[in-house]
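The structure under discussion appears below in the form of structure tokens.
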Amino acid sequence: MAERHPAILAVDDEPAVLAAVSRDLRRHFGEHYRILRAGSGAEALELLGEMRTRGDAVAMLVADQRMPGMDGTAYLVKARGIYPEAKRVLLTAYADTDAAISAINEVSLDYYLLKPWDPPEEQLYPVVEDLLTTWEASTAMDSGGVRVIGHRFSRETHELRDFLARNRVPARWLDVERDAEARELLKVAGVDEDRLPVTLLEDGTVLERPTVLELAERLGVAGQPAADHYDLVIVGGGPAGLAAAVYGASEGLRTVLVEREAPGGQAGQSSLIENYLGFPAGLSGSDLARRATDQARRLGAELLRADGGGRLLRRCPDRGPLVRRSARRRDRRRQLCRTGRRVLQRLREARLDAGEG
Ligand SMILES: Cc1cc2nc3c(=O)[nH]c(=O)nc-3n(C[C@H](O)[C@H](O)[C@H](O)COP(=O)(O)OP(=O)(O)OC[C@H]3O[C@@H](n4cnc5c(N)ncnc54)[C@H](O)[C@@H]3O)c2cc1C
């Protein structure tokens, strides 16, 4: 049987509004999503319960705030219990803005849309597309082909899972104490429990107690620069490095960012960042890292995974071929690289890398 597409469920007591939002959603997203509708919160909750039982995926819940009996926020609070991972969007009139802002806290609302949303190409589709991309990214992550088997409280297991998640490698974690499947897989692979954590790759490779570096190499997470020359080399892919990559690449500089673990830095570990400008509902660190890496790549920056960016920097302007000088941009290029070297030198003198805090 063909797999069912994930659903977007719209709820509104006003038939004309419900018809309009369903029509617009179907027009743009109907190819990959089932657009379902309900005339009240109660009806929608019943439908969601049935879908959960069937194992259907629900990507997004769209609800009008003003509905008799159960308003949009109250409905989304309940719906969240059934499909916690679905994105939540509230349809509001201008007068309901306060209710929508409260809902950000009450129900972790992802977005509120002002009615009417005309033209949908500007007011509706970009927002919904963005939320669906985030939903797809997290869904793909949980159902991936790489499996990590380990103990819940093991540091090594945590490091591997963190590395996979932050590099956006779809992977599934199996707790050896709780998952019978984990013990079964270990038996089949012929691995003792004292060799945990174990990583099973999609091609059947079994890695016993791999380091993050070994895993990165086996998975082919980019480790070699694609070009001989760069205008700008950035060491460290935290928010500061990613921002530099975005700005450098957008200015037309040939840019490479070197990160030894995973893009996102410390911020990548945060479950919810609430003070980032332009995200009133907050965003997770992994979402921020994903958005920033996509933005940097789209603008042409290259992202490399490498231990010790110092090795690359030692090949900087005056010493080697990695960063090329040109007469026109010479000053800017040298300045950028010198700053990097100076910072790195200070870190070396203090025997420190960029730490937490
Ligand atoms: C759990 C947590 C939650 C947080 N929540 C918030 C919040 O809600 N709001 C907020 O404003 N701030 C928050 N912070 C702080 C915020 O994350 C940091 O201020 C921010 O990440 C600093 O960015 P950065 O790019 O300067 O450095 P970092 O994020 O530290 O990034 C530095 C990067 O450089 C890499 N690196 C270091 N040395 C090398 C090397 N030799 N070669 C290659 N790469 C290297 C590291 O792996 C790292 O990825 C939080 C921090 C943590 C840990």
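Report yes if Thr211 is surrounded by fewer than 16 Cβ atoms within 10 Å (Cβ to Cβ), among the hydroxyl-bearing types (Ser, Thr, Tyr) and within 16 Å of the ligand (Cβ to nearest atom), otherwise no. It would help to see each step written out before you state the result.
Values: surrounded by fewer than 16 Cβ atoms within 10 Å (Cβ to Cβ): yes; among the hydroxyl-bearing types (Ser, Thr, Tyr): yes; within 16 Å of the ligand (Cβ to nearest atom): yes.
The answer is yes for Thr211.
Taking Gly241, is it under 14 Å from the mean Cα position of the chain (by Cα), within 16 Å of the ligand (Cβ to nearest atom) and either at positive phi or outside the structural domain of Ala137 (by TED's automatic domain parsing) (or both)?
Working: under 14 Å from the mean Cα position of the chain (by Cα): no; within 16 Å of the ligand (Cβ to nearest atom): yes; either at positive phi or outside the structural domain of Ala137 (by TED's automatic domain parsing) (or both): yes.
It is false that Gly241 is under 14 Å from the mean Cα position of the chain (by Cα), within 16 Å of the ligand (Cβ to nearest atom) and either at positive phi or outside the structural domain of Ala137 (by TED's automatic domain parsing) (or both).
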Please work out which one of (1) surrounded by 14 or more Cβ atoms within 10 Å (Cβ to Cβ); (2) in a loop (DSSP other than H, G, I, E, B) is the condition Arg178 fails and give its number. (1)
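For every residue, the table says whether it meets (1) assigned to a strand (DSSP E or B); (2) buried (at least 16 other Cβ atoms within 10 Å of the Cβ); (3) touching a His at 6+ places or on another chain (Cβ under 8 Å).
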site: Ile8; (1), (2), (3): yes, yes, no
site: Glu31; (1), (2), (3): no, no, no
site: Leu45; (1), (2), (3): no, yes, no
site: Asp56; (1), (2), (3): no, yes, no
site: Met70; (1), (2), (3): no, yes, no
site: Glu85; (1), (2), (3): no, no, no
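Filter segment 210-233 down to the residues that are in a loop (DSSP other than H, G, I, E, B) and in contact (Cβ under 8 Å) with a residue 60 or more places away in the chain and list them by number. Spell out how you get there, then give the answer.
Keep residues of segment 210-233 that are in a loop (DSSP other than H, G, I, E, B), which gives 210-211, 220-229, 231.
If the condition is that a residue be in a loop (DSSP other than H, G, I, E, B) and in contact (Cβ under 8 Å) with a residue 60 or more places away in the chain, then Val221, Ala222, Gly223, Gln224, Pro225, Ala226, Ala227, Asp228, His229, Asp231 are the ones that fit.
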Criterion first (of a type in the set (Gly, Ala, Ser), in a helix (DSSP H, G or I) and out of contact with any Cys (no Cβ under 7 Å at 6 or more places or on another chain)) does Ala63 satisfy it? no
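This table checks each residue for (1) farther than 22 Å from Ala63 by Cα; (2) assigned to a helix (DSSP H, G or I).
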{"position": "Asp130", "(1), (2)": "no, yes"}
{"position": "Val148", "(1), (2)": "yes, no"}
{"position": "Leu160", "(1), (2)": "yes, yes"}
{"position": "Phe163", "(1), (2)": "yes, yes"}
Sole residue being buried (at least 16 other Cβ atoms within 10 Å of the Cβ) and under 20 Å from Leu61 (Cα atoms), chosen from Pro120, Pro170: Pro120
Within the set of pairs 6 or more residues apart or between chains, which connect a residue that is within 21 Å of Ala227 (Cα to Cα) inside segment 253-281 to a residue that is among the acidic types (Asp, Glu) and near the ligand (Cβ under 9 Å from one of its atoms) with Cβ atoms less than 6 Å apart? Arg260/Asp307
Has segment 262-273 got any residue that is more than 11 Å from the ligand (Cβ to nearest atom), part of a loop (DSSP other than H, G, I, E, B), under 17 Å from the mean Cα position of the chain (by Cα) and closer than 21 Å to Glu106 by Cβ? no
Residues of segment 180-236 being within 30 Å of Gly252 (Cα to Cα), at pLDDT 85 or above and charged (D, E, K, R), which ones? Asp231
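The values are calculated or read from the model by the stated rules, or taken from the named source; none is laboratory data. Just so you know, these numbers come straight off a predicted model, no measurement behind them. So basically every Cβ, Gly included, is an ideal-geometry build from the backbone, and we count neighbours across all protein chains shown.
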